[in-house]
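Input: a single structure, listed below in structure tokens.
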Amino acid sequence: MSNRYKAPLVPKLRFPEFRGDGAWSICETRDFLSESRNPSEQNDPSKRITVRLNLRGVEHREHRGTESTEATNHFRRKAGQFIYGKQNIHKGAFGIIPEQLHGFETSQDLPCFDFKGRCSPQWLFYHFAREDIYLPLELKMTGTGSKRLNEKTFLSLAIPAPSYIEQQKIADCLSSLDELVAAQARKVDALKI
């Protein structure tokens with residue numbers, strides 16, 4: 001992790017075992033991620049990925065039957081990569097590619113990134129999953145007509161970062177809460193039947 005920025009950040013709420021650890025570092029996204037541009041040799045329209053809005057995940061995009069295999073470059077993606085939609089990241093269009101989509105493809109409008117060591121993927125996802133983080137990204141988008149958040153701008157975003165061990169603890173806690181909320185939602189749905 002880089003210490004390019006010197007402004008200290010000490011969270012008000014912290015797990016007890018980390019209270020004496022001092023300030024979090026201010027890093028850039030590039031300290032945690034590197035762009036993946038592995039060209040697809042197949043260019044198979046039936047194996048494309050999409051990223052849903054409102055933090056609803058990464059999924060297989062239905063084949064439309066009207067797509068050209070020569071219209072744009074496509075890239076092979078791997079499970080565990082961070083992905084975002086250039087046009088819709090500010091609407092919660094980002095996530096981590098699940099195992100079942102390993103080897104699928106995206107165009108350059110859905111860039112993907114490999115995690116560098118010492119970064120918890122779930123922690124980084126939860127960092128971006130806050131509305132006060134992803135909504136303002138619209139202000140950083142550029143272009144005429146349809147604006148996009150380019151990879152260079154994304155990789156230069158400032159991120160307050162704890163140690164890797166603290167990242168994991170935060171991610172585990174938030175994942176547990178997500179599972180609890182999902183279990184409650186399933187119970188409510190079952191009662192409606």
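Here are a few things to note about the model shown:
- Computing Cα extents along the principal axes in Å directly from the structure and comparing it against (i) 58, 52, 31; (ii) 45, 42, 28; (iii) 57, 38, 28 singles out (i).
- Fraction of C-alpha pairs exceeding 20 angstrom in the range 40-121: 29 percent, rounded to a whole number.
- For the range 55-182, the share of accessible area belonging to carbon and sulfur comes to 50 percent (1.4 Å probe, ligands and nucleic acids excluded).
- Summed over qualifying helices (DSSP H, 4 residues or more, each -39500 (n - 2.57)) and divided by its residue number, the chain shows a 222 nm mean residue ellipticity of -7500 deg cm²/dmol.
- Close amide H partners of GLU28, meaning residues 5 or more places away or on another chain with modelled amide H under 5 Å apart, are SER2, ILE159.
- Highest mobility in the GNM of the chain, judged by mean-square fluctuation with C-alpha springs under 10 Å and restricted to PHE82, PHE94, PHE154, is found for PHE154.
- Candidate lysines - alpha carbon under 16 Å from LYS86, same-chain residues fewer than 8 apart omitted: LYS140, LYS147, LYS152
- Relative to the longest principal axis of the Cα atoms of the chain, the long axis of helix 164-192 makes an angle of roughly 60 degrees.
- Alpha-carbon centroid distance for the pair the range 154-193 / the range 92-107, whole angstrom: 19
- Taking each residue as 0.36 nm, the span from ALA23 to GLU59 lengthens on full extension beyond its C-alpha to C-alpha distance by 9.3 nm.
- The heavy atoms of ARG186 offer some 150 square angstrom of accessible surface to a 1.4 angstrom probe.
- In the range 123-193, the alpha-carbon atoms span a convex hull of 127 Å³ per residue.
- Solvent-accessible area per residue, Å², over the chain with all protein chains present [probe radius 1.4 Å]: 59
The values are calculated or read from the model by the stated rules, or taken from the named source; none is laboratory data. No experiment lies behind these values; they were computed from the predicted model shown. For the accessible areas, the whole protein counts, side chains as well, though only heavy atoms, and no ligand, DNA or RNA atoms are used. Shrake-Rupley method; radii C 1.70, N 1.55, O 1.52, S 1.80 Å.
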